[in-house]
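The values are calculated or read from the model by the stated rules, or taken from the named source; none is laboratory data. As the structure is a prediction and not an experimental result, all values here were calculated from the model. Glycine gets a Cβ as well: all are built from the backbone with ideal geometry, and neighbour counts include every protein chain shown.
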Amino acid sequence: MTKRITMATIKSFIKKNSEELFLKKINSYDGMCDGVNERAAHGFTQVEFNHQSHANQLGIPGAWFTPGGNLLTEYNDGVFKGFDVYNCCGHFIIAVK
């Protein structure tokens, strides 16, 4: 049985791997249409961890976590391993090599 993924799991993963994180933005909130727009996902980019970022970003510019509304699943493509996050602000993958 797979262990349930919670925000505590994500926070621990980010804290443990803050220097090695990669982000792949699949879609994100767009104020011009007041909704989420698809992006051309260009692959993973290394995260420049920012301790001063908004609390809902958990130090990751471009990532947005919502209180109580995140669909969290494991991600592993054979190169990157981490978590797929989907919510009302967008869809992204946070991972390590």
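Once the range 18-36 is narrowed to residues that are modelled with pLDDT of 90 or more and either surrounded by 17 or more Cβ atoms within 10 Å (Cβ to Cβ) or β-branched (Val, Ile, Thr) (or both), the residue that is nearest to Pro61 (Cα to Cα) is Leu23.
Filter the range 45-97 for residues that are outside any loop (DSSP other than H, G, I, E, B) and of a type in the set (S, T, N, Q); which is surrounded by the most Cβ atoms within 10 Å (Cβ to Cβ)?
This residue is Asn87.
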